[in-house]
Amino acid sequence: MDAQLPVAIFDSGVGGISVFQALTHLLPCENIIYLADNKRVPYGGLSSETIVQYTSEAVSFLQAKKAKLVVLGCHTASARCLYDEEVFSFQKRFSVPIIGVINGGLQALKQRDDFRRVAVLGTKSTIQSGVYERLIRCQNPHLEVIPIACPLLVPMIESGLFTHPDTESLVRGYLQPLLNDSVDVVLLACTHYPLLRGLIQKVLGERVVLLDSSDYTSFEVRDYLAAENLLKVSGKPHYQFCVTDKPELFSRRVSLFLGAEYNSHLIDQCQL
Ligand code: DGL
């Protein structure tokens, strides 16, 4: 394996951009290939079997692109492929190593010991998988976990309705159980949700701490690459974006979060 090979980030849509931002900040020289299955987004309401099938197709694609590591930048795919007891060793189907984002979320929570109640916001599938509740309780049995599924947020984000009043109404509705209660920490357990961080913070108030998995996932990537002697530590990075639907919409979203210079990056349409 060669350090020049890219790290791959996979998400159903633009959510993995929050992971991309953290990764490029921490490891500015790494070549990165980002794959969005925006033709089939959202994954969060699909059956576990379908999510595993779509994610397998994505990892096969990225393996064929010679990625040195694949990051499932999607909690739904991570929960269903890497933590579901019924999915027999997802990693063993591939030669490329795979890292999910759930450990990153747990690590973010582990850094704090000053709270008693945590709300976990995720897609329907992630919340139904129960993976966060189970693992947070293992980590800290005294914590009260409040899981909240927010099924319509990914479609709103994918439609670019970040500041639309309907998005705010949806967020208020989903977070209603937390508004009068003293929840201290909210874990954004969907990589799309950090793209709505400002709105979620506004609704919950400044007192509530919002955590997400992107920083700790990028630390995990760094540690893995360093241990395998695969870190690329010099030279300009090359970024490649691949999407399964028309590139135009994705390009607009990406440049909104990453800046106008990303307009010039080639976005390839591909088939999984
Ligand atoms: N960003 C994905 C996640 O973290 C969204 C899944 C979806 O497509 O619904 O779960």
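A few notes on this one:
- Sequence-distant aspartates and glutamates (8 or more away, or on other chains) whose Cα lies within less than 19 Å of LYS202: ASP166, GLU168, ASP181, ASP184, ASP212
- HN-Hα J in Hz across segment 222-237 - Karplus 6.51, -1.76, 1.60, θ = phi - 60°, x for Gly and Pro: 4, 5, 5, 5, 5, 5, 8, 6, 10, 6, 9, 10, 8, x, 6, x
- Relative contact order for the chain: 27 percent, from Cα pairs under 8 Å spaced at least 6 residues apart, divided by residue count.
- Entries of LYS65/LYS236; LYS66/LYS110; LYS124/LYS232 with Cα pairs more than 30 Å apart: LYS66/LYS110; LYS124/LYS232
- Reach of LYS246 by Cα under 20 Å, taken over aspartates and glutamates that are not fewer than 8 positions away in the same chain: ASP11, ASP37, GLU57, GLU158, GLU261, ASP268
- From the largest down, the chain spans 51, 39, 36 angstrom on the principal axes of its Cα atoms.
- Springs join every pair of Cα atoms under 10 Å in this Gaussian network model of the chain, and among PHE20, PHE250, PHE219 the largest mean-square fluctuation is at PHE219.
- Around PRO6: net Lys/Arg minus Asp/Glu count, Cβ-Cβ under 10 Å: +3
Since every read-out is calculated from the coordinates, none of them should be taken as a lab result. Model, not experiment: these values are computed from the prediction. Cβ atoms come from the backbone with ideal geometry, glycine included; neighbour counts cover every protein chain shown.
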